[in-house]
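Shown next, in structure tokens, is the structure this report addresses.
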Amino acid sequence: MNVVWKVSHRGVLAVLLGMTVLAMTAMAGNVTHDRLVNSENEPGNWINHHGNYEAHRFSGLTQINKSNVADLKVAFTWALGDIQGGGTAPVVFPFSGLEGTPLAEDGFLYITSGWGVVTKLDVRGGRPVLMWRYDPEADKDWAPSVTCCGINNRGVALHGEKVVGIVIDGRVFALNKNDGSLLWETQVADPGIAEVMTGAPLVVKDMVLTGMAGAEFGVRGWIAALDVNSGKEIWRTHTIPGPGEPGHETWKDDYGAWKTGGGSTWVTGSYDPELNIIVWGTANPGPDWDNAYRPGDNLWTDSTIGLDADTGKFLWGFQHTPNDPYDYDSIAENTFVDTNINGQYVRATLHANRNGFAYALDRSSGKYIWGTQFVKKLNWTKGLDENGRPASYDPNTDIQTYEPGTAAGRGSVTEEGERGAVEGISCPAHTGGKNWPPTAYSPHTGLYYIPVIESCNKAFAQVAPKNWDPASREWFLGGAPYFTFEDPASGRITGSVTAIDVSTGAVRGKWETKFPLLGGIMATAGGLVFTGLADGGVVALDADTLQELWRFETGSGINAPPMSYMAGGKQYIAILVGLGGAWPQWFTDSTPELKKAVPSNVLYVFSL
Amino acid sequence: MGMRVRIVLGIFSLLLAVCVMLPGVAMSQTSTADAAAELRKGKRLYKRCVPCHKQDGSGGPSYGGYAANLRDTQLNHEEIVAVITDGRRKKGMPTFKPILSKGEIETVAKFIQTQFKAEP
């Protein structure tokens, strides 16, 4: 794959595109490594979770463009059902929602619901026909009880003639793409110790990679690779280094906080075939709010890490929020862009963090290039220093407080279980900044589009019990966050689409929304940016000016990213509609109108 | 809306109010069936409280705040109704005024009292 070429010689690309589309019938049905690497060559398909391995979430299709998007109409919808809730104690979810990105290949769609049910639709004729539906039959109590943020599933992966999926209860499985029959299934994560799965798997060569969730319950995060043909595990790399491994010294307690220190991996990573590296984000350290429980920087939580794709060997890491007292995961996707930044050619990886900053790193080394505040409200640090560290980080202490008043803390309290003496008000809130709903990058505009959550929350710490056992399957938070729209200190939570110029790191524009932006983003070669809103709107913006060009109201809430595909010579835009996840459960009091949202799990598909 | 329609509607809602009030009178000799229905309704409404207060009302820390233990609340019925209605703005207890009717708040308050609150 020649990335420079892809970005700079668009004319040549178009010719090659045409040729490849012709050749596609021959390739159809067999998703090879080459096809996944060069997915730009088949813009009518969407065969990688994040659009391509570089996580651009960019569609090369141009049929729907600025000049005609105003005529976009619903082509069809498909009700997925699977709305039932789950969990007993400590967590109960009254209903589940949709967070997935559908995959499309040759006029077939592969869609998941929160419970991991996979639906294959034949949409070649412009109307949906059910091919098969596979239900992995997740237990509705066991895993959801240790799931912080909803009964979620963000999609499947394709390999050869197979569809690879995950279940919230920690299973990874492969289906025959043609009839939906089960080929293999492996239990990879263990809900017995609070490990669950929500992120779409990532196929790399003949492996399927998966992360896990559970950093609110005392897990130690990892990424695992399985043989995609057998389901047998090939490697597993923990995000928190064990004794003797570099970085272990950043856990300075003497009771093994690293063993239950979080750093889960619940959003799909990116893959660079030339460097043969996987770049993945890691979640918060645990316990979330009692950072005195885990003195030290707590590597590699809240970090972007680079791993050797074949062996899982740790290559480099960059930590965004050391000794985090705010629950600022670095979980979000990592977007590869090869371009000139400040006059120098770099292979960059971009990332928009919960902590309110977007970062560009050199993805061969993890070296910092730029950092930009993309939220309006940010109070926890006075910017970043020249190495990308929070400027308010204090190298002379093991327990960070950052800017006074922003971090909750123990204060003078020492007794296990007692409420800490110091409350904090931080902006962004623990929701982020920007949460998992993915960004998009357009090679045409050179802009990086971030779905933003403008937020603040209050939090208090609580002295967490030592020698935590994740098998207790209880919250391991060391405190709690709280907010309500009526409290001036936290207030309402709103959002925006914020565009950043990758070549400089400067914010180029904002399109503001009444509610937090919980749908992800897709950019297109038609000069458009699509997204879904928490109160049900699907919108298209001008990719250059962020001006709204089209809107459709679904009457529900959206918590999933749009994608695009071609069938029968026609371009379609698809998005899953059904607000579940963390928002209705924990955060609606900052967005009171959303309390009335009725759950609905429906696929919407639009065309001209 | 025309004048006539409005008058007809007005009379209709008066009648409706009377009808709605009648069962209230009958409540004094509540049948077990009514009580069971009321309990079911309370349980359904309480689902909105479960994320923070837990299924058994014990509360504690969660991703949504540190909720009070409703099993040993010292509040009386009116006070419970007031907390549910107005919330405690600065402590993380949401207001339910915008989403639950007065009747629903009564029902869920009673549910807490009968199911969780330790009787003296």
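Every number in this text was worked out from the coordinates using simple rules, so none of it is lab data. In this text, all values refer to a predicted model and were calculated from it rather than measured experimentally. Don't worry about glycine lacking a Cβ; one is built from the backbone with ideal geometry, like all the others, and counts go over all protein chains shown.
Things worth noting here:
- A straight Cα-to-Cα reach below 24 Å connects A:K205 with the lysines A:K6, A:K120, A:K162, A:K177, A:K232, A:K313, residues fewer than 8 places away in its own chain not being considered.
- Projected label points at B:R71 and B:D56, each 7 Å from Cα along the beta carbon direction, are separated by 0.5 nanometres.
- Taking a Cβ cut-off of under 15 Å around A:G107, the surrounding Lys, Arg, Asp and Glu residues balance to a net charge of +1, with basic ones at +1 and acidic ones at -1.
- With 0.36 nm allotted per residue and the present C-alpha distance subtracted, the A:D310-A:N276 stretch has 11.5 nm of extension available.
- Helical content alone sets the calculated 222 nm signal of chain A at -1500 deg cm²/dmol, taking -39,500 (n - 2.57) per DSSP H segment of four or more residues and averaging over every residue.
- Amide N of region A:27-67 lying under 14 Å from the label point, which is placed 7 angstrom from the Cα of A:L608 along Cα→Cβ: A:61-67
- Dipole in debye (nearest 20) - region A:2-607, about Cα centre, beta carbon charges: Lys, Arg +1; Asp, Glu -1: 1380 debye
- Alpha carbon centroid spacing (whole Å) that separates region A:93-133 from region A:471-496: 33 Å
- Convex hull projection area averaged over all views, chain A, Cα basis, nm²: 23.4 nm²
- Taking only alpha carbon atoms, region A:318-373 gives an Rg to Rh ratio of 0.99, where Rh is the Kirkwood radius.
- Counting only alpha carbon atoms, the long axis of helix A:10-27 and the longest principal axis of chain A meet at about 80°.
- Stokes-Einstein D in µm²/s, Kirkwood radius over Cα pairs - region A:102-190 at 10 °C with 1.306 mPa s viscosity: 118 µm²/s
- Shielding value for A:319-331 is 0, the average number of Cβ atoms from other chains within 10 Å of each residue's Cβ.
- Of B:K54/B:K90; A:K377/A:K434; A:K259/A:K367, pairs whose Cα-Cα distance is over 18 Å: B:K54/B:K90; A:K259/A:K367
- For the segment B:52-63, counting C-beta atoms of other chains within 10 Å of every residue's C-beta and taking the mean gives 6.
- Computed label-point distance, nm, for sites A:H33 and A:N229 using a 7 Å Cα→Cβ extension: 1.2 nm
- Segment A:N176-A:V74, extension gain: residue separation times 0.36 nm, minus the distance between their alpha carbons: 33.7 nm
- The residues neighbouring B:S62, those whose beta-carbon lies less than 12 Å from its own, together hold a net charge of -2 under the Lys/Arg +1, Asp/Glu -1 convention.
- Separation of alpha-carbon centers, region B:35-51 and region A:329-407, rounded to whole Å: 46 Å
- Region A:151-190 and region A:505-520 have Cα centres separated by 33 Å.
- Dipole magnitude of region B:33-115 about its Cα centre (Cβ charges: Lys, Arg +1; Asp, Glu -1), debye to nearest 20: 360 debye
- Between A:E249 and A:T62, the simple label model (points 7 Å from Cα in the Cβ direction) yields a spacing of 5.6 nm.
- Applying 1/(1 + (r/R0)^6) with R0 = 35 Å to the Cβ-Cβ distance of B:I99 and A:E416 gives a FRET efficiency near 0.40.
- Alpha carbon Rg of region B:38-102, scaled by the compact-globule rule 2.2 N^0.38 Å: 1.06
- For B:S31 and A:Q344, the FRET efficiency from 1/(1 + (r/R0)^6), where r spans their Cβ atoms and R0 equals 56 Å, is about 0.10.
- Shape index of region A:401-492: Rg/Rh, with Rg the Cα radius of gyration and Rh the Kirkwood radius from the inverse mean 1/r over Cα pairs, equals 1.12.
- Shielding by partners, peptide A:586-592 (average Cβ within 10 angstrom, other chains): 4
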